[in-house]
Amino acid sequence: MAHPVRIGIIGCGSVMQDGYLPIARDLQARGLAVLRVVCDSDPGRAALLQLPGQPAFTTDYRAVLADDAVELVLVLTPPASHASIAADALRHGKHVLLEKPMALSLGEAADLVTLAARSPGFLIVAPHIVLSPTYQQIGRFLRQGMIGTVVAARGLCGHSGPDWSGWYYQAGGGGPLFDLAVYNVTSLTGWLGPVRRVGAVTGITAPERRVGDRRVQVSAEDNAMLLLDFGDATFASVTSSFAIQQYRDATIELYGTHGTIRLQGDDWAPRGIDRWLTATGTWEHLDEPAPEWSYLDGLRHAVSCIRSGSPPMNAPEHAYHVLEVLLKAREAGRTGQMQPIESTVPRLTFE
Ligand SMILES: NC(=O)c1ccc[n+]([C@@H]2O[C@H](COP(=O)([O-])OP(=O)(O)OC[C@H]3O[C@@H](n4cnc5c(N)ncnc54)[C@H](O)[C@@H]3O)[C@@H](O)[C@H]2O)c1
């Protein structure tokens, strides 16, 4: 029988404490994984964590990688250190789950994809949307031709902005492109295939933000609208923003030659599917197939892949393509010019 997968976590901030840690605890309780060591450069994080089984705590991520027993490393630091830590982990033969964005430059991202291909460990990059049963169900509908050929789509992902860490507003790794548009662009490219050109308008609505009890100068765009050209006259728009207080509607809508499909809720927290078919002329609502699904279920998937020896469903090449779209969207916002996209996406299977 497969042994519990030994996990090391690097970065113990918001997404670790509120997201991955509860999943790791559940996996540990069910004998599927063991949380062996956690790391944060801030020694104060050690006191914050009530950890199952009392794993070791370190402030040096290299100690996690040097632990031969650790099989799976979660890289949950801010984006600036993603590529270097993930590369180091792959070089140490670890399986790696890396939070988004995978890197801040295409060069770093390409190196990671190459390294992952020739390393014993796999690389899974968030977001893990393509694993969602709702996402998969829509993928099957599209492959079956239920709404014909998709010719247009719209995506929306926004909120009023993170209130716990200032880096979310700083140039480099901050801004809603990397934090939010990354979800919609992953969803749309997984269903529709690669983007060929991207255009964008981007801007800063609030030059200063309050984060906890600090004031932060905003240097990354906090409001962005993307125009995606998939070729063959197929287009999509994506709204992504830290300047939206609330919305209440389907966040992704796909318009085909024979109908429309709407994903209710967000793609990272789906709440069912609506479809309208030309043949019937009526709306139909399909209940959410997996209300318990978490947008961090990539961790469950990673553990399952290690235990079964099967490859992950989400390939790093997809994350690379999404990163190219996002970086070039930022460039398009700066220059006002549509930007060509060179990479492509692997064809997904919808089970
Ligand atoms: N918070 C969320 O809801 C959320 C959701 C999805 C994805 N993410 C992604 O997860 C990542 C982390 O986000 P967050 O909100 O948890 O950030 P955060 O600022 O709350 O936490 C980051 C933690 O990493 C630590 N850290 C920084 N550099 C380090 C290093 N070199 N070694 C060890 N620790 C280091 C910091 O001390 C901090 O505790 C980001 O890539 C973000 O995009 C966050």
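Points to keep in mind about this one:
- The chain: angle of helix 316-335 to the longest principal axis, Cα-based, in degrees nearest 10: 60
- The shape of the stretch 18-113 can be summarised by an equivalent ellipsoid whose semi-axes, obtained from the alpha carbon gyration tensor, come to 23, 15, 13 Å from longest to shortest.
- Karplus (6.51, -1.76, 1.60) ³J(HN,Hα), θ = phi - 60°, over the stretch 150-167, in Hz, Gly and Pro reported as x: 6, 10, 7, 7, 9, x, 9, 8, x, 7, 8, x, x, 10, 10, 9, x, 4
- Inter-probe distance in nm under a simple model that places probes 7 Å from Cα toward Cβ, at Trp283 and Arg334: 4.2
- Averaging Cα coordinates gives a centre for the stretch 300-336 and one for the stretch 186-225; these two points are 17 Å apart.
- 14 Å reach of a label modelled at Ser160, 7 Å along Cα-to-Cβ, counting backbone N of the stretch 196-212: 209-212
- Over the C-alpha trace of the stretch 87-203, radius of gyration and Dmax come out as 16.6, 47 angstrom.
- Site pair Ser219 and Ala46 shows an inter-label distance of 3.2 nm when each label is modelled 7 Å from Cα along Cα→Cβ.
- Taking amide H as placed 1.01 Å from N in the peptide plane, the amide H of Asn223 sits under 5 Å from that of Gly203, Thr205, Phe242, each at least 5 places away or on another chain.
- Rg(Cα) / (2.2 N^0.38 Å) computed for the chain, rounded to two decimals: 0.98
- Angle in degrees between helix 106-118 and the longest Cα principal axis of the chain, rounded to the nearest 10: 70
- Interatomic Cα distance distribution for the stretch 190-271, bins of 5 angstrom, percent: 3, 11, 16, 19, 18, 15, 9, 5, 3, 1, 0
- Degrees separating the helix 82-91 axis from the principal Cα axis of the chain, which is the longest one: 60
Quick note: the coordinates plus some simple rules give every number you see, no bench work behind them. It should be emphasised that the depicted structure is a prediction, and the values quoted were computed from it without experimental measurement. For neighbour counting, all protein chains shown are included, and Cβ atoms are generated from backbone atoms with ideal geometry for every residue, glycine included.
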